[in-house]
């Protein structure tokens, strides 16, 4: 697999990219536990590399996953960190996406859990917002 090639070559940043993409795919397939693990590993690697943009983007993927699983506290935490990283990076569009994701959490029960929402699963070929 692509991930195995990156690992063998010692290309950790490439591995993180593959993990983030695979995590997003698993989320769309409703394999939340696996998606969460992969996204968290990608976040850790992007953090270590200081890649604020990819770190923030991956945190937003993790926020959407957490929100879809009803874990609003985790989703908020990811959004706050993603917004700060985007601001540090100077990426206004990414900062605005993080702020918008956070607004979507307004009114959501703190710490409450709800069943996974089908709205997070996107049909093939449709962009994910």
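Out of the stretch 92-129, which residues are surrounded by 10 or more Cβ atoms within 10 Å (Cβ to Cβ), at negative phi and modelled with pLDDT under 50? Scanning the stretch 92-129 gives 112, 113, 114, 116, 117, 120, 121, 122, 128.
Being within 12 Å of the chain's Cα centre (by Cα) and either modelled with pLDDT under 95 or under 29 Å from residue 15 (Cβ atoms) (or both) is a property that does not hold for residue 89. Any idea which of 6, 49 is surrounded by fewer than 23 Cβ atoms within 10 Å (Cβ to Cβ), at pLDDT below 95 and within 22 Å of residue 80 (Cα to Cα)? Sole residue among the options that is surrounded by fewer than 23 Cβ atoms within 10 Å (Cβ to Cβ), at pLDDT below 95 and within 22 Å of residue 80 (Cα to Cα): 49. Checking each residue in the stretch 30-64 for being over 10 Å from the mean Cα position of the chain (by Cα) and touching a residue at least 40 places away in the same chain (Cβ under 8 Å) picks out 30, 32, 53. The single condition from (1) over 20 Å from residue 17 (Cβ atoms); (2) within 15 Å of the chain's Cα centre (by Cα); (3) modelled with pLDDT under 90 that residue 67 fails is (3).
The values are calculated or read from the model by the stated rules, or taken from the named source; none is laboratory data. Note that the structure is a prediction, hence the values are computed from the model and not measured. Here the Cβ is made from the backbone with ideal geometry for all residues, glycine too, and neighbour counts use every protein chain on show.
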